[in-house]
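**Q** Okay, handing you the structure first.
The values are calculated or read from the model by the stated rules, or taken from the named source; none is laboratory data. Since we're looking at a predicted model, the values are computed, not measured. Glycine also receives a Cβ, built like all others from the backbone with ideal geometry; neighbour counts cover every protein chain displayed. For the accessible areas, the whole protein counts, side chains as well, though only heavy atoms, and no ligand, DNA or RNA atoms are used. Shrake-Rupley method; radii C 1.70, N 1.55, O 1.52, S 1.80 Å.
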Amino acid sequence: MNISLRTKIAIFVTLIIIILSAISTYIFISQHRRSIEKEFTSRGLTLSYLLSKIAAEGLAAERLDLIGRASFILNSEDVMRVDVYTELWDLIESYPSPSSHRSPSLSLTDAIKYFSGSDNTSYINKDGKDRHFFYKVTFQPYEGAVPITIGYVMVDLSTSGMEKAIDNMIKTNILISWITTVIAVLILNILIGRIIGKPIMDIHSSVRKFQEGTVPEIKTSHSPDEIGDLAREFNEMSRAVKEKENLLIESERNITSLFERVEHAIFRLDKDGNIIKTNRKFNELFGEKIERLCDIFIGEKRIRDYFENMDFANRVKIEEKVIGKNGEELIVLLSLYPDMDYREDTKHLIGFDGYMLNITERKKAEENIRLSARVMESAMEGVFITDRGLNIQKVNPAFTDITGFTINDVIGRNADVLSVGLDNPEYPRCQIWADVKKNNLYQGEVWNRRKNGEVYPAWLSISSIKDETGEAAYYVGIFTDITQRKLFEDHLKKIAHYDILTGLPNRALFNELLIHAVEQAKRDQKKLAVMFLDLDNFKAVNDAYGHAIGDMLLQEVAQRLKECIRQSDTVSRLSGDEFAVILNQIGEISNAVFIAQKIILDNSHPFYPGGNEIKTGVSIGISLYPEDSSDAETLLENADSAMYLAKNSGKNNYRFFSERTDSSSDMIK
Amino acid sequence: MNKRPGILCLLFLMSVSACLIYASPAYSDDYLTVSGCSVSYIGYLKDLAQEYERRTGIKVFVRGGGTVGGLENLREGKVDFAATCRNRIEGDPEDVEFIQAAWDALVFIVHKSNPIKNISIKDVKGIYAGRITNWKQLGGKNEPIKVFIARTTKSLSGIESSLRDMVLEGKPPFEGPNIYLVPTGGMVEQTVEKTPDGFAASGFTSARKRNVKILRLNGISATKENIIKNRYKLRMPLFLVAPKNPEPKVKKFLDFALSREGQRFIGSLGVLSLKDAK
């Protein structure tokens with residue numbers, strides 16, 4: 001049964017009041033009753049005493065009726081009977097009349113016993129309706145004598161008067177007690193309602209509201225008593241609890257959010273491995289219908305072994321193959337934590353918490369990386385990887401082979417240490433990196449320096465690797481040592497510009513060199529001479545000694561020609577037995593003459609190709625810049641023309657182009 | 001709010017009131033009343049009355065009050081009959097009859113502590129004549145003798161009458177300062193019980209039941225046998241006094257008292273029946 005506190009207190013207080021009232025009423029009535037009874041007894045004793053005295057006097061006065069004259073006593077309403085007994089308890093007088101008195105009471109002998117030396121006694125008649133008071137009648141035979149007992153008087157007093165008085169007294173007292181109790185109960189209940197009931201109801205309703213989620217303010221908090229304190233503390237508590245609840249909700253939201261959004265498949269199992277709770281990622285991977293964790297494992301037996309042999313103090317962390325929602329095979333990293341209950345003496349397993357991380361993609365990536373690493377390790381090209389700050393992060397063995405730098409030499413150091421693209425004024429190193437940053441790619445031939453200081457050519461390719469934001473995160477440089485190729489290219493170039501037989505520049509190179517020389521002479525405003533040479537009788541030598549000897553002769557001629565000119569001059573074999581010479585900055589024409597004469601002189605001595613003494617000569621045509629032409633091609637043609645002049649004028653001599661109309665050559669001679 | 005518990009409790013409290021129950025007393029109209037001398041009353045009448053009630057179921061109320069009182073009551077009709085220890089004397093009612101019912105003897109009593117055991121007729125006369133006033137004179141302690149005499153103003157008591165007749169030669173006792181007059185013979189006996197130097201005359205029948213010493217007279221103890229054999233001289237009759245034409249219920253009692261059974265019962269009390277002494 002639900003009883004309110006107010007009602008309980010009301011009942012309790014009411015009961016207390018009633019009990020107290022009953023006790024006090026009982027005590028009061030008892031005392032009052034005793035008082036009434038005492039008064040009754042006193043009256044009985046007084047009457048019996050008076051009668052005993054009257055009887056003694058009557059005896060002394062020799063009256064036959066000893067007490068008959070005490071009518072004021074005998075006629076009293078409550079005096080039912082008066083008896084006078086002898087000292088041997090024989091009745092000698094009785095009122096109202098002898099005929100109406102009762103037969104001697106059965107308890108008379110008891111009354112006699114009660115005396116036992118005292119002057120009076122009393123007893124209540126067995127029916128309780130009246131009470132007998134006895135008093136000794138004593139007589140003093142003479143003055144100074146010991147009084148003798150000569151009889152007894154008995155007064156039978158009706159108790160009805162007393163009983164009625166007691167009855168009335170009880171009724172009155174109970175009525176008064178009842179009325180005061182009712183009033184007290186009413187007042188106290190009202191007070192209890194005001195002081196306790198109402199405030200507690202306020203608190204009660206506030207607590208209920210608080211349970212429903214609102215933060216109520218108890219109005220009775222201004223009350224200065226304990227209930228007021230309670231209300232105030234409740235108000236503070238409810239506010240504090242609400243704040244904490246908000247924090248908890250926030251925290252719960254954060255945790256739930258984390259739980260649901262985390263990329264780990266989180267789950268909770270009971271101790272038998274049945275799934276109790278999973279997060280979004282778990283459902284995403286395995287679906288929502290999985291009941292037992294073992295079901296998703298390909299190696300089910302093995303995972304069962306884990307459960308059974310699990311050391312409950314530690315977690316399990318294993319890599320496992322599992323079956324995904326759509327039957328695909330996934331690789332997960334499984335962490336499983338036993339959840340133990342330590343509250344009891346012997347700890348026991350409650351369940352498991354765990355999570356799985358899908359590492360399938362990572363595994364693939366790792367495989368790719370391993371492959372890439374292997375490729376890089378085995379590549380012939382040198383590879384270096386820098387971060388965005390151009391600090392070297394990684395190099396491969398080929399790098400070390402090419403540059404001589406070990407991994408320890410370069411890791412963490414700036415790429416400048418590699419001296420990439422050194423000393424090229426047309427394409428400085430900073431330009432390379434600028435290109436890479438701009439175009440994400442640079443490719444080109446550069447000159448690098450090895451650890452030992454040796455410079456080598458390399459084919460370098462640098463590309464940037466961008467991160468998610470599009471910024472370059474890494475730069476990968478791949479380079480090849482192209483020294484060997486370079487040599488081969490030089491060889492090819494030589495084949496194109498130089499005469500293979502004599503090693504002298506061929507016609508093509510001569511033409512370029514002549515153009516350069518002319519331009520140079522123009523800038524310097526210097527004189528330039530071009531000689532066109534042709535061996536005399538070379539056809540006859542070829543015919544007589546064969547081409548091999550002819551070629552050898554040409555090689556010796558070329559050697560004598562190089563010895564005749566300055567370092568800054570150029571000699572070239574144009575074709576067959578035709579040679580050409582550029583004389584830079586000749587100053588005076590005489591200098592050209594001097595060189596021409598020296599060439600003719602040197603080649604007039606016998607040659608010994610293949611051990612054969614062969615005598616030959618050379619015819620020279622000379623054209624001058626700027627006198628004969630300011631054009632290179634024309635200068636050579638003019639020199640050719642002048643050579644024919646010399647040939648025509650008897651071989652083994654020289655002619656200037658300007659001598660076509662006059663015989664200046666003769667004059668010089 | 002619940003106020004009912006309080007009210008209920010009060011009602012319950014009020015219900016515990018109690019009252020006394022009255023019952024009617026029982027009365028009887030079939031009884032006898034008798035009044036008379038203390039010697040008769042104590043000596044045999046009280047026991048005889050009880051025996052009569054036992055045999056017949058009729059209650060007999062017996063009272064003492066002395067011979068004089070008994071005769072007065074009888075005269076006024078307050079009792080059905082009376083008892084006395086003396087013969088009819090002048091002034092006694094005429095319409096009554098004195099019927100002897102037993103024998104008694106005059107004895108002299110003193111306090112139990114009194115060393116005196118014997119007394120002579122001469123000494124008794126000396127005491128009542130005022131010649132002997134101190135126990136020293138009788139060989140006792142040096143204390144004045146207090147002599148108690150049952151006497152009323154209206155008539156002569158049974159004992160004094162017998163004393164005068166048998167000892168004092170018809171003369172009244174000398175009324176000296178050591179003579180004390182007491183209303184009845186019963187009171188005299190009671191007074192001697194409580195007075196160490198007291199002295200009084202009384203009847204053997206009642207005195208033997210009191211806490212007193214009965215003196216030997218001239219060396220002879222007052223015993224039933226001595227009285228029957230007349231060794232102890234001062235024998236006296238005990239009478240029942242009734243109207244000459246008594247009511248049947250009185251007549252019936254008197255007949256019983258005088259009958260063989262009645263006399264045998266009296267004799268069994270230690271009292272001399274009519275048959276015991278002639």
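**Q** With every protein chain kept in place and ligands, DNA and RNA left out, what is the accessible area per residue of region B:96-161? Probe 1.4 Å, answer in Å².
**A** Working: 2630 Å² over 66 residues.
For region B:96-161, the solvent-accessible area averages 40 Å² per residue.
**Q** Skipping prolines and chain starts, which residues have an amide H placed within reach, meaning under 5 Å, of the one on residue A:574, given they are 5 or more residues away or on another chain?
**A** Under 5 Å from the amide H of residue A:574: A:579, A:580.
**Q** If amide hydrogens are placed 1.01 Å from N in the peptide plane, which non-local residues have theirs closer than 5 Å to the one on residue B:63?
**A** Correct list: B:34, B:35, B:36.
**Q** Can you bin region B:230-278 into rounded, prolate or oblate? Criterion: square roots of the alpha carbon gyration tensor eigenvalues sorted a ≥ b ≥ c, rounded for a/c under 1.5, prolate for a/b above b/c, oblate for the rest. Intermediate results must be reported in sequence, preceding the final value.
**A** Working: a/c = 3.44, a/b = 1.77, b/c = 1.94.
Oblate, since a/c reaches 1.5 and b/c is not below a/b.
**Q** Counting Lys +1, Arg +1, Asp -1, Glu -1, what net charge surrounds residue A:472 among other residues with beta carbon under 9 Å of its beta carbon?
**A** Details: positive: A:388, A:437, A:466; negative: A:467, A:471.
Taking every Cβ under 9 Å from that of residue A:472, the sum is +1.
**Q** Just need the relative contact order of chain B here, percent rounded to a whole number, with Cα pairs under 8 Å and 6+ apart.
**A** Relative contact order here is 27 percent.
**Q** If I model a spin label as a point 7 Å beyond the Cα along the Cα-Cβ vector, how far apart are those points for residue A:222 and residue A:39 in nm?
**A** 5.7 nm
**Q** Here's something else I'd like to know. Carbon and sulfur atoms: what percent of the 1.4 Å accessible area of chain A do they account for?
**A** Values: 20090 of 36830 Å².
The C+S portion of the solvent-accessible surface of chain A is 55 percent.
**Q** May I ask for the angle, rounded to the nearest 10°, between helix A:632-648 and the longest principal axis of chain A, with both axes built from Cα atoms and the value confined to 0 to 90°?
**A** Helix A:632-648 sits roughly 20 degrees off the main axis of chain A.
**Q** Would you mind checking the tilt of helix A:360-378 against the longest principal axis of the Cα atoms of chain A, expressed as 0 to 90 degrees and rounded to 10?
**A** 30 degrees
**Q** Under the rule that an exposed site lies in a DSSP loop and has at most 13 other Cβ atoms within 10 Å, name the longest stretch of chain A with no chymotrypsin sites (Phe, Trp or Tyr not before Pro) of that kind, not counting the sites themselves.
**A** Values: sites that count: A:142, A:312, A:342.
That gives A:343-669 as the longest site-free run.
**Q** Follow-up question, since we're still on this one. With a 1.4 Å probe, what is the total accessible area buried between chains A and B, in Å² rounded to the nearest 100?
**A** Numbers: alone 39010 and 14740 Å², together 49380 Å².
Accessible area lost upon association: around 4400 Å².
**Q** May I ask for the equivalent-ellipsoid semi-axes of region B:99-180, computed as the square root of five times each C-alpha gyration tensor eigenvalue and listed largest first in whole Å?
**A** Working: eigenvalues 109, 48, 28 Å².
Computed over region B:99-180, the values are 23, 15, 12 Å.
**Q** Right, something else. Return a whole-number percent for the relative contact order of region A:511-604, with Cα pairs under 8 Å and 6 or more residues apart as the contact set. Please report the intermediate quantities before stating the final value.
**A** Details: 89 pairs, mean separation 34.9, N = 94.
With pairs under 8 Å counted, the relative contact order is 37 percent.
**Q** I've got another one for you. Could you sort out which of B:213/B:252; A:289/A:364; A:219/A:244; B:209/B:252 sit more than 30 Å apart by Cα distance in this structure?
**A** Values: B:213/B:252 37 Å; A:289/A:364 28 Å; A:219/A:244 23 Å; B:209/B:252 28 Å.
Too far apart for the 30 Å limit: B:213/B:252.
**Q** Calculate the spin-label point distance for residue A:284 paired with residue A:253, positioning each point 7 Å from the Cα along the beta-carbon direction, and give it in nanometres.
**A** Rounded to a tenth, the inter-label distance reads 2.2 nm.
**Q** Still on this structure: For chain A, what relative contact order do you get, as a whole percent, if you take Cα pairs closer than 8 Å and at least 6 residues apart? Display every interim value, and only then the final one.
**A** Values: 994 pairs, mean separation 39.4, N = 669.
So the answer I get is 6 percent.
**Q** Then there is this: Using only C-alpha positions, report the orientation-averaged shadow area of the convex hull of chain A, nm², one decimal. Can you show the working numbers first?
**A** On the way: hull surface 311.3 nm².
The Cα convex hull of chain A, projected and averaged over all directions, gives 77.8 nm².
**Q** In addition: In terms of the Cα gyration tensor, with a ≥ b ≥ c the square roots of its eigenvalues, is chain B rounded because a/c is under 1.5, prolate because a/b exceeds b/c, or oblate? List each step's numbers first, then the result.
**A** Values: a/c = 2.61, a/b = 1.68, b/c = 1.55.
Here chain B falls in the prolate category.
**Q** Of B:122/B:233; B:78/B:275; A:8/A:171; B:112/B:275, which sit over 22 Å apart, Cα to Cα?
**A** Correct reply: B:78/B:275; A:8/A:171; B:112/B:275.
**Q** Moving on to the next point. Work out which GluC sites (Glu not before Pro) in chain B are exposed loop sites (DSSP not H, G, I, E or B, at most 15 other Cβ within 10 Å) and give the longest gap free of them. Kindly include the intermediate steps, with their values, before the conclusion.
**A** Working: sites that count: B:90, B:94, B:169, B:175.
No qualifying site falls inside B:176-278, the longest such stretch.
**Q** Test of understanding: in a Gaussian network model of chain B with alpha carbons linked when under 10 Å, which of B:84, B:153, B:223 would top the mean-square fluctuation ranking?
**A** B:153
**Q** Right, something else. Within 10 Å, count the other beta carbons around each residue, average over each peptide in A:272-280, A:245-253, and list them highest first. Walk me through the intermediate numbers first.
**A** Values: A:272-280: 14.7, A:245-253: 10.9.
Order by mean packing, descending: A:272-280, A:245-253.
**Q** Here is a further query. Averaged over peptide A:177-185, how many Cβ atoms belonging to another chain are found within 10 Å of each residue's Cβ?
**A** Shielding by partners across A:177-185 averages 3.
**Q** Once every Cα of region A:512-609 carries one equal point scatterer and solvent is ignored, give the base-10 log of I(q)/I(0) from the Debye formula at q = 0.12 Å⁻¹, two decimals.
**A** For region A:512-609 at q = 0.12 Å⁻¹, log10 I(q)/I(0) is -0.43.
**Q** For region A:42-80, which GluC sites (Glu not before Pro) pass both filters: DSSP loop (anything but H, G, I, E, B) and at most 15 other C-beta atoms within 10 Å?
**A** Numbers: sites: A:57, A:62, A:77; in loops: A:62, A:77.
Answer by residue number: A:77.
**Q** Loop-only GluC sites (Glu not before Pro) in region A:340-381, please: DSSP not H, G, I, E or B, and at most 15 other Cβ atoms within 10 Å.
**A** Answer in residue order: A:344.
**Q** Determine the shape class of region B:167-211: with a ≥ b ≥ c the square roots of the Cα gyration tensor eigenvalues, call it rounded for a/c under 1.5, and otherwise prolate if a/b is greater than b/c, oblate otherwise. Don't skip to the end; give the middle numbers.
**A** Details: a/c = 2.15, a/b = 1.35, b/c = 1.59.
Oblate, since a/c reaches 1.5 and b/c is not below a/b.
**Q** Further question: Kindly state, to the nearest 0.05, the FRET efficiency for residue A:209 paired with residue A:341, given R0 = 35 Å and r defined as their beta-carbon distance. Before the final figure, lay out the partial values.
**A** On the way: r = 37 Å, r/R0 = 1.06.
In this case the efficiency is close to 0.40.
**Q** Between the chain alone and the structure with every protein chain in place, find the residues of region B:39-66 that drop at least 40 Å² of accessible area; heavy atoms, 1.4 Å probe.
**A** With the partner chains in place, region B:39-66 has these residues losing at least 40 Å²: B:41, B:46, B:61, B:63.
**Q** Shielding by partners for A:13-23, please: the mean number of other protein chain Cβ atoms within 10 Å of each residue's Cβ. All intermediate terms of the calculation are to be shown ahead of the outcome.
**A** Values: counts 2, 9, 3, 0, 3, 8, 2, 0, 4, 5, 0.
For peptide A:13-23, the averaged partner shielding equals 3.
**Q** Starting from the amide H of residue A:152, placed 1.01 Å from N in the peptide plane, find each other amide H under 5 Å away whose residue is 5 or more places distant or on another chain.
**A** The list, which skips near neighbours in sequence, is A:85, A:86, A:137.
**Q** Give me the inter-chain shielding for A:84-92: mean count of other chain Cβ atoms within 10 Å, whole number please.
**A** 6
**Q** If you only keep lysine pairs separated by 8 or more in sequence, or across chains, how many in region A:467-612 come under 22 Å at the Cα atoms?
**A** Taking the Cα cut-off of 22 Å, the pair count is 6.
**Q** Using θ = phi - 60° and the Karplus relation 6.51 cos²θ - 1.76 cosθ + 1.60, list the HN-Hα couplings for region A:78-93 in order, rounded to whole Hz, with x at every Gly or Pro.
**A** Using θ = phi - 60°, the values come out as 8, 7, 8, 7, 10, 10, 10, 10, 6, 5, 9, 6, 9, 5, 10, 8 Hz.
**Q** Run through region A:535-621 and list the GluC sites (Glu not before Pro) located in a DSSP loop whose Cβ has at most 14 other Cβ atoms within 10 Å. Mind showing how you got there, number by number?
**A** Working: sites: A:556, A:563, A:578, A:588, A:613; in loops: A:588, A:613.
Sparse-neighbourhood loop GluC sites (Glu not before Pro): A:588, A:613.
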